[in-house]
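The structure appears right after this line, and notes come after that.
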Amino acid sequence: HMTGDKSKFVSLQETESGTVTYGDNNKGKILRTSTIGNSSNTLIEDVIYVEGLKYNLLSISQLCDKNFNVSFNNECCLC
């Protein structure tokens, strides 16, 4: 899981720890791996904060592996 939105993190300590390479071969700095969420019931661990990333990238299979229930309809995705 990756995001460029610092406000999603429960806590975040910035420490540079590598890069990710996008499909167009540009790179983004990995600044921290931490936990995101809005309550103790909805926390996703091991999320990478990537400087400049414009989208939140979640792995549905990883969420299912961690026993999240994921469902989609025409308007949204529910976890």
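The combined condition, being surrounded by 12 or more Cβ atoms within 10 Å (Cβ to Cβ) and over 11 Å from the mean Cα position of the chain (by Cα), is fulfilled by Lys27.
Residues checked against (1) surrounded by 13 or more Cβ atoms within 10 Å (Cβ to Cβ); (2) under 16 Å from Cys77 (Cβ atoms); (3) out of contact with any Phe, Trp or Tyr (no Cβ under 9 Å at 6 or more places or on another chain):
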| position | (1), (2), (3) |
| --- | --- |
| Ser11 | no, no, yes |
| Ser17 | no, no, yes |
| Thr33 | yes, no, no |
| Ile44 | yes, yes, no |
| Ile48 | yes, no, yes |
| Leu57 | yes, yes, yes |
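Take the conditions (1) touching a residue at least 40 places away in the same chain (Cβ under 8 Å); (2) part of a strand (DSSP E or B); Lys54 misses just one of them, which is (2).
Does the stretch 1-9 include one or more residues that are assigned to a strand (DSSP E or B), touching a helix residue (DSSP H, G or I) at 6+ places or on another chain (Cβ under 8 Å) and not small (Gly, Ala, Ser)? No, that holds for no residue. The criterion of being in a loop (DSSP other than H, G, I, E, B) and either modelled with pLDDT of 75 or more or out of contact with any strand residue (DSSP E or B) (no Cβ under 9 Å at 6 or more places or on another chain) (or both) holds for Gly23. Scoring Asn38 on the criteria (1) in a strand (DSSP E or B); (2) under 13 Å from the mean Cα position of the chain (by Cα) leaves a single failure, condition (2). For the stretch 45-63, a residue qualifies if it is in contact with a strand residue (DSSP E or B) (Cβ under 9 Å, 6 or more places away or on another chain), more than 10 Å from His1 (Cα to Cα) and not hydrophobic (A, V, I, L, M, F, W, C), and the qualifying residues are Glu51, Gly52, Tyr55.
The values are calculated or read from the model by the stated rules, or taken from the named source; none is laboratory data. Fair warning: this is a prediction, and the values are worked out from it, not measured in the lab. FYI the Cβ positions are ideal-geometry reconstructions off the backbone, even for glycines, and counts take in every protein chain you see.
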